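Right, one structure below, let's go through it.
Derivation of every value follows stated rules applied to the coordinates shown; laboratory data play no part. Quick caveat, the model's predicted, so the values are computed rather than measured. Here Cβ is always computed from backbone atoms with ideal geometry, including for glycine, and neighbour counts include all displayed protein chains.
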Amino acid sequence: MRIQQPWSAPPQAIEPLRDGTGSGREPSFAAELKNAVGQVNTLQNNAEEAMQNGALRGAQNIHETMIVLQEAEIGLKLLMRVRDKALEAYHEVMRMQF
């Protein structure tokens, strides 16, 4: 019996991201960052609502509340890492001598 490795499949073409305007352009870093901030904000709002519901209604479905809180925390940590890397890149460019 022969077992195939899952990574042995031929690679498929990856299509570039589009900005949704139909212009065919790839989205800018600023647009992607704005989208990510909006998503993290939504996660944070959902977590706040879940905490308030848990406080008002008692400890029903505490596991779902904890999952929502962890999703919000992970999203915020990722956003902070992206911010730190962007600032690091900016400072590196500013240190370059021309």
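A few comments on the model shown:
- Taking first residues from the range 23-52 that are in a helix (DSSP H, G or I) and partners that are hydroxyl-bearing (S, T, Y) and surrounded by 12 or more Cβ atoms within 10 Å (Cβ to Cβ), the Cβ contacts under 8 Å between residues at least 6 apart in sequence or on separate chains come to A50/T65; M51/T65.
- Search result, residues across the range 24-54 that are aliphatic (A, V, I, L, M) and either touching a helix residue (DSSP H, G or I) at 6+ places or on another chain (Cβ under 9 Å) or surrounded by 12 or more Cβ atoms within 10 Å (Cβ to Cβ) (or both): A31, L33, A36, V37, V40, L43, A47, A50, M51
- Residue selected from the range 72-98 under the condition closer than 28 Å to E49 by Cβ and of a type in the set (A, V, I, L, M, F, W, C), by the criterion surrounded by the most Cβ atoms within 10 Å (Cβ to Cβ): A72
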